[in-house]
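What follows is a short report on a single structure.
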Amino acid sequence: MNEPFFYLHPEHWGKEVCLEKQEAKHLALALRLSPGQQVRLLDGQGRQGCFVILALDKKTVRLQRMSEQIFPRPASRAVLALAFSKAVRRGFFMEKAVELGADAVWIWQGDHSQGAVPVGLHKSLRDRMIAGAKQCGNPWLPETRVAPSGIEEVIALAHIVDYRILPWEMQENVPMLTLSQAGRPGTTLYVIGPEGGFSPRELAALRASGFAAVSLGARVLRCETAATLCLGIHWWASQQPKGTEKRP
């Protein structure tokens, strides 16, 4: 049986460390682990370690590091800009984003978003991503950003990416998203609209900023489905051996 994963903030990483609050409660009360047993820690910044439990109570767990491993950031990175909507199951999507290796997730305020981006959203996103990382063992947590000012803020942030993709439903004469587009080295940004769709103003701004329009098929997908599909295609393409021909 593999040792369970726990999250430790990078600032607290060391030879001897301490888990507190929810992480300590999970280890001591939910899993009922005891001194001498081993667990794995990750810091969300590419580092994993194997630790042995020294002592514990209901609130704190002291551990000693036995070994550690540093994982480089992937060469092919996906950034997902998902428009805010009350109907979107963000918790589900954030966990899938970690499992599928997203480099960053941006939540933005769309013209047709259902409601406004709430205060405190950033923390809830982080909590769900940590849960996803502990489940799958991904050593890298996606960076999270909130863009309450709308599509202009997303476009301004896009200066850090290499490729810009605009998946948009119900398009005519628009090519499907290909594996060669998704798997390129560098950073690819995918912008997903809200449940109400992109507004004409947003589409015009995205096209003027160099976003390549692609189709995800004839069906109208829910926001989190489209976002997860983009990340899944990107993940699959990025895992192909070098030199493997990628078919459209």
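Summary table
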{"item": "Two-decimal Rg/Rh across the range 6-78, once Rg and the Kirkwood Rh are taken from alpha-carbon atoms", "result": "1.02"}
{"item": "Order of Cys223, Cys136 - criterion: other Cβ atoms within 10 Å of each residue's Cβ, fewest first", "result": "Cys136, Cys223"}
{"item": "Largest to smallest principal axis extent of the C-alpha atoms in the range 1-44, angstrom", "result": "26, 22, 18"}
{"item": "Ordering of 202-214, 72-84 by burial proxy (mean other Cβ atoms within 10 Å per residue, highest first)", "result": "72-84, 202-214"}
{"item": "Scattering profile of the range 23-136 at q = 0.10, 0.12, 0.22 Å⁻¹ [log10 I(q)/I(0), Debye over alpha-carbon scatterers]", "result": "-0.42, -0.57, -1.20"}
{"item": "Within the chain: Cβ-based charge dipole about Cα centre, in debye rounded to nearest 20 (Lys, Arg +1; Asp, Glu -1)", "result": "500 debye"}
{"item": "Which of Ser67, Ser215, Ser238, Ser149 has the fewest Cβ neighbours within 10 Å, and the rest in rising order", "result": "Ser67, Ser149, Ser215, Ser238"}
{"item": "Share of alpha-carbon pairs per 5 Å distance bin for the range 36-97, given as whole %", "result": "4, 12, 15, 15, 13, 13, 12, 10, 5, 0"}
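No value in this document is a laboratory result; all are computed from the given coordinates. Note that the structure is a prediction, hence the values are computed from the model and not measured. Virtual Cβ from ideal backbone geometry, glycine too; neighbours counted across all protein chains shown.
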